[in-house]
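Heads up, the thing below is written out as structure tokens.
The values are calculated or read from the model by the stated rules, or taken from the named source; none is laboratory data. This one's a predicted model, so the numbers in the text were calculated from it and none came from an experiment. Cβ sites come from the backbone with ideal geometry, for glycine too, and all protein chains shown count toward neighbours.
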Amino acid sequence: MRYLASSSHDIRTNLAIETYLMEHADLTEPILYFYINDPCIIVGRYQNVKAEINQDYVDQHHITLTRRTSGGGAVYDDLGNVSFSFITKDDGDGFGNFKRFTAPVLKALHAMGATNAMMSGRNDLLIDGKKFSGNAMHVENGRMFSHGTLMYDVDQTQIAQALTVPTDKLASKGIKSVRSRVTNLKPYMAPAYQHLTIEAFRDTLAREILGVADLSQAKSYPLDDVALAGVAELNQRYFKNWNWIYGQSPAFTVKQRRHFDAGTVEFQLNVDAGRIKTVTIYGDFFGAKPITPVIERLTGVKYERQAITAALAPLDLTAYFGHINSAELIDLIVA
Ligand SMILES: Nc1ncnc2c1ncn2[C@@H]1O[C@H](COP(=O)(O)OC(=O)CCCC[C@@H]2CCSS2)[C@@H](O)[C@H]1O
């Protein structure tokens, strides 16, 4: 087996490296690839971002958002998490791959004292009934990767806040995440492994899985300039591209109704490929002007606070909605 530990903490770059290796690497031998990310959320390929994350919280806390090419739900990582990936030829094992590729990781964790760590269901690793690893895979052209998280010392309050959508007003067909009770591995490890830096945790895992006493003995898989150019291109095309992150979301509708002192307003939006397709507004108190310019300005705009605020900025909203505070109206639209 070959070995690579990414020196980047950028989730988008790290996913681009993984995809590059899956598409182009010599896979005569599998590659074991590890990466550690700054605070980020990774949604599954078929998910609706807006139905999975608290966008305002994510923005305020500078959490990087991206979409991966594998299926499954949304996870939160930070510098307390190690992600592992086995990049190999596809042998047609389907979901059996989860068992095959989590087995060496479990074995390594057992050796480090987390003896009760086990696989559960199709793609979770649990300890003490709580999840510490979610797994997903991507298969393409006879090649594949199976990747998973490992929560060693993740900030769990961030998980709860960042992955909780503050509204239930959104009807969406995307794959829903399976919310679980989660735990960090740290307290379950043998004392010698409870106070490791995240890099030392990763390196210990790598040594156990590769069966080497020192990582200098591992067969590495360095990235040359051609690979790095390919990684940058994939990053541009997918992992940091708005059209991939938001635009891949399945169509959804938002229905929001609120009572203000001045009366009731209801917005109904159809959002497709991340953009507002149609808008219907109901109200029992509208101001003097017909509502059409509001609808026109919202149509085609990205369904996000900043874009909606900018689209409506040229209008004096009181002319359409009477004495309703425009910030409150925008809150209502972005749900
Ligand atoms: N970092 C992390 N590790 C384990 N479990 C997590 C994590 N973050 C959130 N969760 C929990 O998992 C569910 C979602 O579970 P669900 O089963 O819906 O999704 C997954 O597990 C997907 C795993 C993808 C792994 C990739 C590997 C490299 S890049 S991302 C979420 O609601 C939380 O309860």
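Across the stretch 235-260, the number of residues qualifying as under 14 Å from Ile42 (Cβ atoms) and among the small types (Gly, Ala, Ser) comes to 0. Could you please give the count of residues in the stretch 250-286 that are under 11 Å from Leu329 (Cα atoms) and under 27 Å from the mean Cα position of the chain (by Cα)? Within the stretch 250-286, residues that are under 11 Å from Leu329 (Cα atoms) and under 27 Å from the mean Cα position of the chain (by Cα) number 1. When we screen Val178, Val165, Val154 for residues that are touching a residue at least 40 places away in the same chain (Cβ under 8 Å), under 21 Å from Val49 (Cβ atoms), in contact with a Lys or Arg (Cβ under 8 Å, 6 or more places away or on another chain) and part of a loop (DSSP other than H, G, I, E, B), the only hit is Val165.
What are the residues in the stretch 311-329 that are of a type outside the set (Val, Ile, Thr), out of contact with any Lys or Arg (no Cβ under 7 Å at 6 or more places or on another chain) and not in a helix (DSSP H, G or I), if any?
Answer for the stretch 311-329, where residues must be of a type outside the set (Val, Ile, Thr), out of contact with any Lys or Arg (no Cβ under 7 Å at 6 or more places or on another chain) and not in a helix (DSSP H, G or I): Ala313, Pro314, Asp316, Leu317, Gly322, His323, Asn325.
Filtered by the rule that a residue be small (Gly, Ala, Ser), surrounded by fewer than 18 Cβ atoms within 10 Å (Cβ to Cβ) and not in a strand (DSSP E or B), the stretch 254-302 gives Ala262, Ala273, Gly287, Ala288, Gly300. Among the residues of the stretch 235-253, those that are hydroxyl-bearing (Ser, Thr, Tyr) and either assigned to a loop (DSSP other than H, G, I, E, B) or free of Cβ contacts under 8 Å to residues at least 12 places away in the same chain (or both) comprise Tyr246, Ser249. Here Gly134 does not fit the description of being at pLDDT below 95 and either not β-branched (Val, Ile, Thr) or not in a strand (DSSP E or B) (or both).
Only helices (runs of 4 or more DSSP H) whose full extent lies in the stretch 1-120 are considered here, and the ones with at least 1 residues that are of a type in the set (D, E, K, R) and crowded, with 23+ Cβ neighbours inside 10 Å are 11-24. For the stretch 129-144, a tally of residues being over 30 Å from Thr28 (Cα atoms) and either away from the ligand (no atom under 14 Å from the Cβ) or touching a strand residue (DSSP E or B) at 6+ places or on another chain (Cβ under 8 Å) (or both) returns 3.
In contact with a Gly (Cβ under 6 Å, 6 or more places away or on another chain) and farther than 30 Å from Asn37 by Cα - does that describe any residue in the stretch 288-308? No.
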